Amino acid sequence: MDAIFFEPSEAQALVRETARSYAQRVLVPVAGRLDRERRFPTAYLRELADLGLMGVNVPEALGGAQAGAVSYALAMIELAQGCASTAVTVAVNNMVAETLVKFGSPELQSRYVPELTSGRFAAGSFGLSESHSGSDAAALRTTARRDGGGWVLNGSKQWITSGDRAGVIIVWARTSPAHGAPAKGLSCFLVEGGASGLTVGRHEDKMGLRASSTVSLAFEDLRVPASAMLGAEGQGFAIAMSALQGGRIGIAAQAVGIGTAAKEASIRYAKERRAFGKPIGEMQAIRFMLADMETELDAARLLTLRAAGLKEAGLPFTREGSMAKVFASEKANRACDVAVQIHGGYGYIDEFPVERHYRDARVTTIYEGTSEVQRLVISRDLLGR
């Protein structure tokens, strides 16, 4: 990114334009139908893989675009404007691929990452949350015990994006007792979709992101080889936090994209809708709403790209990622709320897309770390903890 004008480089702009073109040409026309039918976007994910968007920040040697974290954020903003459900599926796939690149053995990388980036796997999944431990990830109860040359997993996971579609799932489990330090007893494993001992639960009937798949997973004496462990035994919590730090940039980008789509729809509507003999866009109340939306979303975009730039440069970005996530998600929710208000009664029905944007935006303040968790991360960093 240009340090003065915050404009993307030529390579970054190319990734952005690729994502924008596909989102506007292909995803926008079908997003409403995918949402109503709750239909997983399988065919579109394959096409996105062909465009290099299922592994934007993954090395070329493993089938990725190797375009960097900034390019990834720019692409996610564009895809979320087109279809937020598709965008979240792409985001999780990218996060899984990046985690494998960073912590997987060369054998795991060469075996699984190209499957994720090429689209041969429909998606990858991130198996951390459990029914009783969302924000408190260290309290998870899934266990892994040694058995001969491998491990046996037992337990369950909740709210797993693409869990029924995933070719590979990164699963966190407890490999040693807590003994007062629960985070130190967690390890991380790679589980293939369809493995013996893996059961997929019901599809969640969600408020938004209805075209993405969210399920529970159960593990009953599921065996994995010792080579399926990512990192070292007991390193699981650190791996999870590392993945989530980068994931927060993706969620911030998604939020900016959803909010921007709601803003653009509101601008179109304000120009076309007439009341009291003139377009409602000529009324000061509507103009001020639009001005606030633009200002807040632009600030969210800059925070997101700053965090992505720090990540790409190999610099610490924990606080900046949390700042981007909490600000972008909350301002996107506000933008969608205002968009519904601008549309009036039409904003409350699915004849216009802002109703869907409003539902899709809501979860961005919750998943991959609630707004409250982000504020905790930011304040701890400020206070030197």
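Annotations
- Residue count for the range 265-310 satisfying the condition of being over 14 Å from Arg334 (Cα atoms) and in a helix (DSSP H, G or I): 24.
- When restricted to residues that are of a type in the set (Lys, Arg), surrounded by 14 or more Cβ atoms within 10 Å (Cβ to Cβ) and not in a loop (DSSP other than H, G, I, E, B), the range 7-49 contains 3.
- Among the residues making up the range 186-217, those that are among the small types (Gly, Ala, Ser) and either at pLDDT below 95 or in a loop (DSSP other than H, G, I, E, B) (or both) are Gly193, Gly194, Ala195, Ser196, Gly197, Gly208, Ala211, Ser212, Ser213.
- Residue in the range 324-339 that is touching a helix residue (DSSP H, G or I) at 6+ places or on another chain (Cβ under 7 Å), of a type in the set (Gly, Ala, Ser) and modelled with pLDDT under 95 present: no
- Cβ-Cβ under 6 Å pairs, at least 6 apart or on other chains, the range 14-34 side touching a residue at least 60 places away in the same chain (Cβ under 8 Å) and among the small types (Gly, Ala, Ser), far side buried (at least 18 other Cβ atoms within 10 Å of the Cβ) and in a helix (DSSP H, G or I): Ala19/Ala75; Ala19/Glu78; Ala19/Leu79; Ala23/Glu78; Ala23/Leu79; Ala23/Gln81; Ala23/Gly82
- Unique residue being modelled with pLDDT under 95 and in a helix (DSSP H, G or I) when the list is Ala178, Ala183: Ala183
- Scanning the range 341-366 for residues that are under 19 Å from Phe126 (Cβ atoms) and either surrounded by fewer than 19 Cβ atoms within 10 Å (Cβ to Cβ) or not assigned by TED's automatic domain parsing to the domain that holds Glu320 (or both) gives a single hit, Ile366.
The values are calculated or read from the model by the stated rules, or taken from the named source; none is laboratory data. This is a predicted model, so every value here is computed, not measured. Cβ atoms come from the backbone with ideal geometry, glycine included; neighbour counts cover every protein chain shown.
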